[in-house]
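Report on one structure; see the data block that follows.
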Amino acid sequence: MKHASEIVLGKSSHTYEGTRIIRGIPADVWITAYQKMYKNLTLNFTVENYYTQTNWTISVNSATEQDTILLGMWMKIEGEKTGNTSDEQFAMENTYNIYEFFDGHPSLDSLDVGMCYPSKQKLQFMITLKGNYDKLVFGKEAFVHKAIKKLMSDFAQVTPSRIDLIRFANTSDPAFTDIWFTVLGPPPNGSVVVKDEKVTRSLTEAHKNLTVNLNKKGVTLTVNYPGRKIQAIPIVHRSLIFHSTQKPVVTTPFPYPTNPPKHTNTLTIKRAKSYSAGDMAGLAFGMLILGIALTLGLVFLFYKRIMKPKEVPYEVQM
């Protein structure tokens, strides 16, 4: 993975434009322009990047050796959209101020690469915690996210970066909280330099390890909340659920939970029974007949009891 400095500080396609004061700091200004074209849309980008000058040092990760830091950028986008009847032109400007810059590898907590994986290279799971969502997760998602990534990577025996797409959900029972997470597959063969079993471990093995560890009794999730408050949250016994829209990658039978917790998962959507056009037509015809029968019955009662004639309009002779 590239360092942040390799991505942001590259000036190969930029032109030096001079100096400027940015937030009271003397800065060098580098400018670049490029164009992106789509079907009926053309976007022209103009970008100014502001870097600290070489004689200005700033602390980066408790060090002062870095003397070229990105302070901010300005971007202008001019677009032209062509249509069948008329063309449309628009422009917008944005200014970005960067107050924190870390020269090095990003934290694992900031990586979320699961969307880049194909469906066959990842497995989605859900576990249930004993505890109210508002008390355990709401406003403290980052702390629970970090704890889930660590515990599930330890249980699956994979690297923390392979535990991704962590989501939280409250349930119909306020005493429980659902946690969804995804285990990513190993990198392609030949792309790994370090031979680490946690990096190369297959999804089949990771699934098996998760099932064995989470099916044990008394498993808890340890979360380090703010203020040095550490809480061990119980995980519902045998609550691990494997979910996949693809054919299961794991073929070995595992002991899936036979007694799931007695609550309804709010993310589970039951598909309603569908009716064909013939069913709907028959239902409509039946309702029409029922309506006619009710109408005739009401008319009969109205004339029989309310509009009863005072004398018989005819006589029957024997």
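The values are calculated or read from the model by the stated rules, or taken from the named source; none is laboratory data. This one's a predicted model, so the numbers in the text were calculated from it and none came from an experiment. In this analysis, Cβ positions are derived from the backbone assuming ideal geometry, glycine residues included, and neighbour counts consider all displayed protein chains. Accessible surface areas use protein heavy atoms only, side chains included; no ligands, DNA or RNA. Shrake-Rupley method; radii C 1.70, N 1.55, O 1.52, S 1.80 Å.
Name the strands (runs of 3 or more DSSP E) wholly inside segment 1-91 in which the number of residues that are within 27 Å of Val113 (Cα to Cα) and either open to solvent by 30 Å² or more (accessible area, probe 1.4 Å) or at pLDDT below 80 (or both) is 1 or more.
Working: elements: 15-22, 25-37, 41-52, 70-82.
Of the strands (runs of 3 or more DSSP E) lying wholly inside segment 1-91, those with at least 1 residues that are within 27 Å of Val113 (Cα to Cα) and either open to solvent by 30 Å² or more (accessible area, probe 1.4 Å) or at pLDDT below 80 (or both) span 25-37, 70-82.
Out of Thr266, Thr222, report the one residue that is surrounded by fewer than 16 Cβ atoms within 10 Å (Cβ to Cβ), in a loop (DSSP other than H, G, I, E, B) and either among the polar types (S, T, N, Q) or modelled with pLDDT of 90 or more (or both).
On the way: Thr222 fails: in a loop (DSSP other than H, G, I, E, B).
Of Thr266, Thr222, the one residue that is surrounded by fewer than 16 Cβ atoms within 10 Å (Cβ to Cβ), in a loop (DSSP other than H, G, I, E, B) and either among the polar types (S, T, N, Q) or modelled with pLDDT of 90 or more (or both) is Thr266.
Within segment 37-57, residues that are free of Cβ contacts under 8 Å to residues at least 12 places away in the same chain reach partners that are open to solvent by 90 Å² or more (accessible area, probe 1.4 Å) and of a type in the set (Val, Ile, Thr) with beta carbons closer than 7 Å, at six or more positions or on different chains, in the pairs Thr57/Thr64. The single condition among (1) charged (D, E, K, R); (2) open to solvent by 80 Å² or more (accessible area, probe 1.4 Å); (3) over 30 Å from Pro160 (Cβ atoms); (4) modelled with pLDDT under 85 that Glu100 does not meet is (3).
Does Val199 count as over 17 Å from Thr220 (Cβ atoms), assigned to a helix (DSSP H, G or I) and among the aliphatic types (A, V, I, L, M)? Don't jump to the end; show me each part of the working.
Values: over 17 Å from Thr220 (Cβ atoms): yes; assigned to a helix (DSSP H, G or I): yes; among the aliphatic types (A, V, I, L, M): yes.
Answer is yes for this residue.
Which members of segment 154-168 meet the condition of being touching a strand residue (DSSP E or B) at 6+ places or on another chain (Cβ under 9 Å) and either open to solvent by less than 10 Å² (accessible area, probe 1.4 Å) or more than 18 Å from Lys130 (Cβ to Cβ) (or both)?
Taking segment 154-168 as the starting set, the residues that turn out to be touching a strand residue (DSSP E or B) at 6+ places or on another chain (Cβ under 9 Å) are 156, 158, 161-168.
Listed by number, the residues that qualify are Ala156, Val158, Ser161, Arg162, Ile163, Asp164, Leu165, Ile166, Arg167.
Evaluated against (1) in contact with a helix residue (DSSP H, G or I) (Cβ under 6 Å, 6 or more places away or on another chain); (2) surrounded by 21 or more Cβ atoms within 10 Å (Cβ to Cβ), Leu129 falls short on exactly one condition, (1). Filtering segment 18-55 to residues that are over 28 Å from Gln89 (Cα atoms) and of a type in the set (Asp, Glu) leaves only Asp28.
Considering only residues that are within 19 Å of the chain's Cα centre (by Cα) and open to solvent by 10 Å² or more (accessible area, probe 1.4 Å), look in segment 170-180 and name the one that is nearest to Ser202 (Cα to Cα). The residue in question is Trp180.
Being modelled with pLDDT of 90 or more, more than 19 Å from Thr204 (Cβ to Cβ) and open to solvent by less than 20 Å² (accessible area, probe 1.4 Å): is that true of Val183 here? Full working, then the answer.
On the way: modelled with pLDDT of 90 or more: yes; more than 19 Å from Thr204 (Cβ to Cβ): no; open to solvent by less than 20 Å² (accessible area, probe 1.4 Å): yes.
Answer is no for this residue.
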